[in-house]
Amino acid sequence: MRAYLPAYDLQTPANLAEALRLLADAPGVWKPFAGGTDLMVLLEAGKLAHKQFISLWHLPELRGISITDDSITLGAMTTYSQVQTHPILQREFPLLCQAASWTGSVAIQNRGTIGGNIANASPAADSLPALLVYEAELELVSARGARWVSYQSFHTGYKQMAMRSDELIKAIRLPRTTNQWIQHSRKVGTRKAQAISKVCIAALAKIENNTIHDIRLAFGSVAPGPLRCVQTEAVLKSRAIDDATIKDARSALAAELTPIDDIRSTAEYRLRVAGNLLAEFLAGNGIDFHSDR
Amino acid sequence: MTIEKITIDCTVNHTAHSIRAYPMARLLDVLREGLRLTGMKEGCGEGECGACSVLLNGELVNSCLVPVAQVSGANITTIEGIAAGDQLHAVQQSFLTHGGAQCGICTPGMVLAAISLLERNPNPTEADVRTGLAGNLCRCTGYMKIFAAVVEACQK
């Protein structure tokens with residue numbers, strides 16, 4: 001059933017301070033609304049339970065990409081289109097650009113935002129595994145002030161986030177420390193364009209002489225939120241890439257993931273394909289590889 | 001709680017409009033029912049099909065996913081604003097020449113997606129064309145003639 005429009009409010013505050021005041025004065029009443037690519041779908045389906053929203057789309061304080069020697073900072077309302085066309089992101093953070101290009105179509109990429117993707121907190125979000133392996137930090141702001149938090153610990157359960165009801169995500173900061181790492185990502189979906197992921201991987205590694213010196217792995221659609229796989233990483237560190245290592249990595253990964261059956265896939269398929277994606281990454285960067293994939 | 005309608009000032013096809021609507025009303029409905037611009041269609045209503053495509057400040061968007069409160073001051077172009085009088089846009093002419101339309105439901109969105117692509121990338125490869133139009137579904141499945149029309153349009 002379609003939504004009853006007079007029940008819904010969408011305020012357009014003139015600036016960030018005004019938006020934060022609305023949030024502070026009536027905690028829990030207002031929720032942020034970014035580009036609308038998720039919330040408008042719920043609205044039309046009659047499933048948008050919350051009724052009062054604050055539009056962040058037009059706020060200049062939440063836009064723009066700024067660069068220092070150490071980091072690159074994206075305003076929360078940076079769109080997927082802006083991510084993909086930014087030369088430094090293309091060069092140093094290709095996994096984020098790739099994920100942005102996988103998300104919906106051009107029309108969706110022109111409206112979908114990185115901040116919105118984080119706050120929507122879908123386990124299937126394409127850009128979030130990339131933010132995990134790049135060890136992003138989030139700037140949370142409220143009328144009380146601003147604080148930076150690590151993105152690693154931000155998603156605490158299905159659609160649960162470590163932020164307060166009067167806070168907004170203002171910016172996402174990516175440390176420029178992984179340029180020399182091997183970078184890899186892949187999405188498995190029903191169709192190349194538009195489809196929501198069945199499973200996706202983002203991976204960074206430092207590999208020399210077939211030995212894994214360091215590795216960061218994150219997956220989408222295999223847990224209640226995007227998941228950094230620290231236990232699998234621990235199994236792989238300092239190991240040579242061979243059949244035994246890949247076998248151990250698959251076992252560790254299977255123990256770490258908690259996929260479910262849903263409309264897009266099954267838990268069994270997701271577990272198997274996640275293992276294949278990891279094996280593909282390792283094998284593609286190792287030598288003398290014979291394993292039966 | 002009942003929310004009042006708000007007034008949104010914006011430009012649609014080079015004409016200034018002052019629109020009264022509920023803040024969460026879809027741009028699609030406001031344009032089709034309020035301004036009678038019925039070229040864009042509602043296909044899926046969830047951003048999968050592209051039949052409701054318009055250009056919002058020059059960028060391709062799905063009008064079913066844009067709440068009207070977010071278009072204050074915006075410049076909107078619908079398929080009705082693409083031709084200059086009887087003079088068709090090169091992309092429209094190319095769709096005609098190549099028979100890039102069957103039932104026609106997807107055509108306004110296809111044309112706008114193609115125009116948006118050619119503005120960003122004047123010399124697209126066929127792969128670029130497929131990516132640029134990936135958000136526009138043709139359920140008559142007449143894709144090959146549509147791709148041919150877009151490839152030819154950029155050669156002009």
Could you grab me the full set of residues in the stretch B:22-48 that are within 13 Å of chain A (Cβ to nearest Cβ) and assigned to a loop (DSSP other than H, G, I, E, B)?
-> B:Tyr22, B:Pro23, B:Met24, B:Ala25, B:Met40, B:Glu42, B:Gly43, B:Cys44, B:Gly45, B:Glu46, B:Gly47, B:Glu48
Unmet criterion (only one of (1) of a type in the set (Ser, Thr, Tyr); (2) assigned to a strand (DSSP E or B); (3) surrounded by fewer than 21 Cβ atoms within 10 Å (Cβ to Cβ)) for A:Ser185 = (3)
Could you tell me which of the residues A:Arg176, A:Arg164, A:Arg191 is more than 15 Å from A:Ala125 (Cα to Cα), out of contact with any strand residue (DSSP E or B) (no Cβ under 9 Å at 6 or more places or on another chain) and surrounded by fewer than 18 Cβ atoms within 10 Å (Cβ to Cβ)?
-> A:Arg191
Provide a single number: the residues in the stretch B:1-21 that are crowded, with 20+ Cβ neighbours inside 10 Å, away from every other protein chain (no Cβ under 11 Å) and more than 18 Å from the chain's Cα centre (by Cα).
-> 1
Answer yes or no as to whether B:Thr131 is within 11 Å of another protein chain (Cβ to nearest Cβ) and among the β-branched types (Val, Ile, Thr).
-> yes
Do we find that A:Arg191 is without any contact (Cβ under 8 Å) to a residue 12 or more places away in the chain, within 22 Å of A:Ala267 (Cα to Cα) and either in a strand (DSSP E or B) or not assigned by TED's automatic domain parsing to the domain that holds A:Phe33 (or both) in this structure?
-> yes
Per-region count, the stretch A:200-224, residues in contact with a Gly (Cβ under 7 Å, 6 or more places away or on another chain) and under 30 Å from B:Asn136 (Cα atoms) = 1
Might you let me know whether the stretch B:91-102 holds any residue that is in contact with a helix residue (DSSP H, G or I) (Cβ under 8 Å, 6 or more places away or on another chain) and among the aromatic types (Phe, Trp, Tyr)?
-> yes
If A:Val83 satisfies every condition in (1) buried (at least 23 other Cβ atoms within 10 Å of the Cβ); (2) under 18 Å from the mean Cα position of the chain (by Cα); (3) over 16 Å from A:Pro175 (Cα atoms) but one, which is the exception?
-> (3)
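Yes/no per residue for (1) closer than 24 Å to B:Lys145 by Cα; (2) within 13 Å of chain A (Cβ to nearest Cβ); (3) within 15 Å of the chain's Cα centre (by Cα); (4) in a loop (DSSP other than H, G, I, E, B):
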{"site": "B:Val54", "(1), (2), (3), (4)": "yes, yes, yes, no"}
{"site": "B:Val61", "(1), (2), (3), (4)": "yes, yes, yes, no"}
{"site": "B:Ile76", "(1), (2), (3), (4)": "no, no, yes, no"}
{"site": "B:Glu80", "(1), (2), (3), (4)": "yes, no, yes, no"}
{"site": "B:Val91", "(1), (2), (3), (4)": "yes, no, yes, no"}
{"site": "B:Thr97", "(1), (2), (3), (4)": "yes, no, no, no"}
Considering A:Ala100, A:Ala14, which residue is surrounded by fewer than 20 Cβ atoms within 10 Å (Cβ to Cβ) and small (Gly, Ala, Ser)?
-> A:Ala14
Hey, among the residues in the stretch A:1-37 that are more than 9 Å from chain B (Cβ to nearest Cβ), part of a loop (DSSP other than H, G, I, E, B) and in contact (Cβ under 8 Å) with a residue 60 or more places away in the chain, which one's nearest to B:Lys5 (Cα to Cα)?
-> A:Ala34
Taking B:Leu88 as meeting all but one of (1) touching a Cys at 6+ places or on another chain (Cβ under 9 Å); (2) more than 16 Å from A:Ala107 (Cβ to Cβ), write down the number of the exception.
-> (1)
Return the residue satisfying two criteria in turn: it lies in the stretch A:98-125 and is over 28 Å from A:Thr156 (Cβ atoms) and without any contact (Cβ under 8 Å) to a residue 24 or more places away in the chain, and of such residues it is farthest from the other protein chains (Cβ to nearest Cβ).
-> A:Ser101
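The values are calculated or read from the model by the stated rules, or taken from the named source; none is laboratory data. As the structure is a prediction and not an experimental result, all values here were calculated from the model. Quick reminder, even Gly has a Cβ in these numbers, built from the backbone with ideal geometry, and neighbours come from all protein chains shown.
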